[in-house]
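Comments concern the structure below.
The values are calculated or read from the model by the stated rules, or taken from the named source; none is laboratory data. None of the values given here were measured: they were computed from a predicted structure. Please note: Cβ atoms are built from the backbone with ideal geometry, for glycine as well, and neighbour counts cover all protein chains shown.
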Amino acid sequence: MSDAAPRDFIRQIIHDDLETGKHDTIVTRFPPEPNGYLHVGHVMSICLNFGVAAETGGHTFLRFDDTNPGKEDQEYVNAIESDVRWLGFDWEDRLTHASDYFDGLYAAAEKLVEKGLAYVDSLSAEEIREYRGTLTEPGKDSPYRGRQVEENLDLLRRMRDGEFGDGEHVLRAKIDMSSPNMNLRDPALYRIRHITHQRTGDTWCIYPMYDFAHTLSDAFEAITHSLCTLEFEDHRPLYDWLLDQVRPANRPRQIEFSRLNLAYTITSKRKLGALIDAGVVSGWDDPRMPTIAGMRRRGYSAAALRDFVARAGVTKKDKLIEMGMLENSVRESFGDSAERRMAVLKPLKVVVTNYPEKQIEMMRAMNHPNDANMGTREVPFSRELWIEQDDFMIDAPRKFFRLKPNGEVRLRSAYIIRCDEFVTDSNGTVVELHCTYDPDTRSGTGSSDRKVKGTIHWVSAEHAVDAEVRLYDRLFTEVNPNTADDPNSLLNPNSLESVAAKLEPTLADLAVGEAVQFERLGYFSPDVVDDSASSRVFNRIVTLRDSWAKIEKQAMQGQN
């Protein structure tokens, strides 16, 4: 590891292990369960596991924890692989599954039984919970805990061969029912599930529990550092106990770090799935979802997510990260690279009354105000234009430097115009402006040194591209919806607004996946699902400024 590399506490441990010769090569793993899509919290784990290995010349396994076939699906497997690749990481030939090790896991289970360290329990699931005790009261031994080794082996093999129904028996480790650590109170190792597995079919009808499969899979793959989030800290004694008893050739070390918890967001797969089932969002890749697929569809860049988790840092303390930090990373990822374009989201018609009716001029506009190397483009100017409704006020305050009656403003890359008259409908809503332009003020000609304080964007009405533009906001109104009994009661009714926009014609051919800045409005990208040649659909990736900053700062006080 380079001395210049960041040294959070995990990287320091790894650095020390290399320096002392404890390990020659660092091997990590990212072990998702394919029962849903990955979310922003997983980004931290992906970047950490793949990152620390890459920094030290090591390697990382992508291992699917496919031990619960009733909740798993190939759709989730495909999505997870896609997400990890998109983030910029490559597992090369190290794609594995817990099911790859089912034979070895079962052999280890028999070994524990033979050593008198595991037994088949015939209590019901409810009875096992009752016998387990509480955080303040010890558990009590199952009446089946004293079964002899031969009987346990016979029952386990009959479980494997499909002789019993779901829930009739379970294999449990024999540790300590009075342990203050609930995870050591004879935890389950195998349960009966007569469910077809997506990879092994009907070969197995008993499946290993997560702690058992995860621990030994780490050992089978010679993982050196098993990096887990803090909720697994209480599981570490069981992790170490299993390694002590099975005594594999390779002994990994489990290290825990804090989860990445994002404000105004839930990351429970179960709760996210409930939002989909309730029709609150359109699917796992809805751009309001905190899933990697949703953020990618919205237009976030992989570089922005990697930057965000680097800024959040790896710590041992649980914390809630401001949404503004993520959005700042997204803004910065586009600031120097995204070209500028003009788009009007809430159109107001402008008629330039002294401009020739059939005349069209091509105005030269810079693609980026701070980088001349990004070139220029031509946009058409005509008698009828669209501007933003918010760029005109009848009774404007003194410091309103946009358009108002008898006021002047510069049209970006074009002329100075003056508002002479406004037209309202029967409700008093302004529907059209009549303006005049000063032909001596064309941008870039140097023919006039007349200045005005305001500059606004515009689109030629004749040449405008019609598009649906989706404006996304936070999905929840409360900073920490995870603490609510019913997070759905905290849903933001304004999390999605769809508007009929007018775009400059160069946006007609913007490729899906490309991001641009709509001047003065934010960063936008064509929707990867709904956009088409006949119907342009753009997503707002992020606004230009954090309008939630003050609210979020106040709400975050006392959360961390």
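Taken together, the criteria exclude Trp458 from residues that are under 41 Å from the mean Cα position of the chain (by Cα), over 26 Å from Gly335 (Cβ atoms) and either among the aromatic types (Phe, Trp, Tyr) or assigned by TED's automatic domain parsing to the domain that holds Lys349 (or both). If the condition is being surrounded by 14 or more Cβ atoms within 10 Å (Cβ to Cβ) and on the phi < 0 side of the Ramachandran plot, then region 128-140 contributes Ile128, Tyr131, Arg132, Gly139, Lys140. Going residue by residue through region 111-128, is there one that turns out to be closer than 30 Å to Arg63 by Cα, out of contact with any Phe, Trp or Tyr (no Cβ under 8 Å at 6 or more places or on another chain), assigned to a helix (DSSP H, G or I) and among the acidic types (Asp, Glu)? Within region 111-128, one or more residues are closer than 30 Å to Arg63 by Cα, out of contact with any Phe, Trp or Tyr (no Cβ under 8 Å at 6 or more places or on another chain), assigned to a helix (DSSP H, G or I) and among the acidic types (Asp, Glu). Within region 397-410, residues that are farther than 19 Å from Pro439 by Cβ have Cβ atoms under 6 Å from residues that are part of a loop (DSSP other than H, G, I, E, B) in these pairs: Phe400/Met393; Phe401/Lys453; Phe401/Gly454; Arg402/Gly454; Lys404/Met393; Lys404/Ala396, counting only partners at least 6 apart in sequence or on another chain.
Within region 439-467, the set of residues being modelled with pLDDT of 95 or more and among the acidic types (Asp, Glu) comprises Glu462, Asp466. Could you tell me whether any residue of region 440-449 is part of a strand (DSSP E or B) and over 34 Å from the mean Cα position of the chain (by Cα)? No, region 440-449 contains no residue that is part of a strand (DSSP E or B) and over 34 Å from the mean Cα position of the chain (by Cα). Among the conditions (1) touching a Pro at 6+ places or on another chain (Cβ under 6 Å); (2) farther than 29 Å from Ser179 by Cα, Glu92 misses just one, which is (1).
Within region 334-378, the residues that satisfy the criterion of being modelled with pLDDT of 95 or more and basic (Lys, Arg) are Arg340, Arg341, Lys346, Lys349, Arg364, Arg377. Count of region 54-85 residues, restricted to those that are part of a loop (DSSP other than H, G, I, E, B) and basic (Lys, Arg), is 1. Here is a check on your reading of the model: is Gly104 part of a helix (DSSP H, G or I) and not polar (S, T, N, Q)? Yes: the conditions hold for Gly104. Per the listing Phe422, Phe400, the residue uniquely in the same structural domain as Arg364 (by TED's automatic domain parsing), in a loop (DSSP other than H, G, I, E, B), over 30 Å from Val528 (Cβ atoms) and not acidic (Asp, Glu) is Phe400. When Arg288, Arg296, Arg270, Arg236 are checked against the criterion of being in a helix (DSSP H, G or I), among the basic types (Lys, Arg) and more than 30 Å from Met182 (Cβ to Cβ), a single residue qualifies: Arg296.
Residues in region 299-341 that are acidic (Asp, Glu) and either free of Cβ contacts under 8 Å to residues at least 40 places away in the same chain or in a loop (DSSP other than H, G, I, E, B) (or both): Asp307, Asp318, Glu322, Glu332, Asp336.
Criterion applied to Ala293, Ala274, Ala263 was being more than 30 Å from Arg7 (Cβ to Cβ), surrounded by 22 or more Cβ atoms within 10 Å (Cβ to Cβ) and either touching a Gly at 6+ places or on another chain (Cβ under 6 Å) or touching a residue at least 60 places away in the same chain (Cβ under 8 Å) (or both), and the one residue passing it is Ala293.
Here is the figure for region 206-238: residues that are closer than 22 Å to Val120 by Cα, in contact with a Lys or Arg (Cβ under 9 Å, 6 or more places away or on another chain) and aliphatic (A, V, I, L, M) total 2.
Criterion first (of a type outside the set (Val, Ile, Thr), in contact with a Phe, Trp or Tyr (Cβ under 7 Å, 6 or more places away or on another chain) and without any contact (Cβ under 8 Å) to a residue 24 or more places away in the chain) does Arg158 satisfy it? Criteria met by Arg158. Of all residue pairs spaced 6 or more apart or on separate chains, those with beta-carbon atoms under 7 Å, a first member in region 475-498 that is in the same structural domain as Ile541 (by TED's automatic domain parsing) and a second member that is of a type in the set (D, E, K, R) and in a helix (DSSP H, G or I) are Val479/Glu552; Pro487/Lys271. For region 493-515, the candidate set comprises residues that are surrounded by fewer than 15 Cβ atoms within 10 Å (Cβ to Cβ) and over 16 Å from Val344 (Cβ atoms); within that set, the residue that is farthest from the chain's Cα centre (by Cα) is Asp509.
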